[in-house]
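Structure first, then comments.
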Amino acid sequence: MGKPKKKDLPDLSHLCVPGTEIAVRATPKAARNAIVAAEGVLKISVTAAPENGKANDAIRRLLAAAMGTAASRLELRRGAAARDKLFVYQGAD
């Protein structure tokens, strides 16, 4: 997966508040990477396969790019092996 282009992603910088919980519905092995906001959940599609955490890493990187922050600031709190995931923004140390 190449680095996502900022122009293709929605502006999610309003989620950059420490402690913010971000609900995600994941779609691995998609045709292209995309983020769509729908009913309190972000639907994130990634081209990575759901094996050995590759899709989770791709989702974290894509979400971080849309938020304008580092991927290391996002913690996967729930849903490592499920399509419904919960990320938490940790903020700056």
Show the residue pairs meeting these rules: Cβ distance below 7 Å; 6+ apart or different chains; first residue within segment 78-93 and over 15 Å from V46 (Cβ atoms) and touching a residue at least 40 places away in the same chain (Cβ under 8 Å); second residue surrounded by 13 or more Cβ atoms within 10 Å (Cβ to Cβ) and hydrophobic (A, V, I, L, M, F, W, C). L86/A23; Y89/L15; Y89/C16; Y89/I22; Y89/L74
Reported set for segment 33-77 where residues are surrounded by 16 or more Cβ atoms within 10 Å (Cβ to Cβ) and in a strand (DSSP E or B) is A34, I35, L42, I44, S45, L74, L76
R77 passes all but one of (1) more than 18 Å from R32 (Cβ to Cβ); (2) touching a helix residue (DSSP H, G or I) at 6+ places or on another chain (Cβ under 8 Å); (3) among the basic types (K, R); which number fails? (2)
Does L12 satisfy the condition of being surrounded by 15 or more Cβ atoms within 10 Å (Cβ to Cβ), modelled with pLDDT under 95 and either closer than 21 Å to Q90 by Cβ or of a type in the set (G, A, S) (or both)? yes
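The values are calculated or read from the model by the stated rules, or taken from the named source; none is laboratory data. Here the structure is a predicted model, which means the values were calculated and not measured. Virtual Cβ from ideal backbone geometry, glycine too; neighbours counted across all protein chains shown.
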